[in-house]
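First up is the structure itself, then whatever we jot down about it.
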């Protein structure tokens, strides 16, 4: 009797081990199987097609959008979970079945509308036109962004702005070209020093004499 119990216990453990091994083998096989998933996305109540629905593989950035007719097509693994999301619709999660023929699956996806409840807004008119004119005159209208910028600039002196103002691209290019031109002009010879130029001193003194005569 004890031998029979041990035999059935060992047989049961063996079958459980084989079953777990088969499930793991099937799972690993499904992880490598690629499936062409395609279909149409419809509204659950009105059967109206839903365009521009995001069809994404969960946990990744891979996905597509449905076109104007609600059609989509996506390549995924058989073990992937597909997420359908759109503005005004409840998010939908789709699991692929275990048995798929020819690695292609066509399905009709139905999404439910997501309802938003907003607070009530009550609009009451003023009792008389005179009361409307009174409150309209008391309302303080905020300044535009341009007028605010002008007000801020008037408070800062121009000298402070000049210290922090950098040269733009045109000024930098002009300065570089001028430096290169001066360098090439005196290429192969020493560049003269203006303070030791006798001709420049003569022209300077001459200009002073002409001013005194005038």
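Using the Cα gyration tensor of region 53-165, with a ≥ b ≥ c the square roots of its eigenvalues, what is the shape: rounded (a/c below 1.5), prolate (a/b larger than b/c) or oblate (neither)?
oblate
If a/c stays under 1.5 just call it rounded; otherwise compare a/b with b/c (prolate if a/b is bigger, oblate if not). Do that for region 146-188, with a ≥ b ≥ c from the square roots of the Cα gyration tensor eigenvalues. In terms of gyration-tensor shape, prolate. Dimensions of region 32-111 along the principal axes, based on C-alpha atoms and rounded to the nearest Å, stand at 35, 24, 18, largest first. Here the label points at residue 47 and residue 137, each 7 Å from Cα along the C-beta direction, are separated by 6.5 nm in the simple model.
Taken together, the values in this text are just the output of simple stated rules run on the coordinates, not laboratory data. None of the values given here were measured: they were computed from a predicted structure. We place every Cβ from the backbone using ideal geometry, glycine too, and count neighbours over all the protein chains shown.
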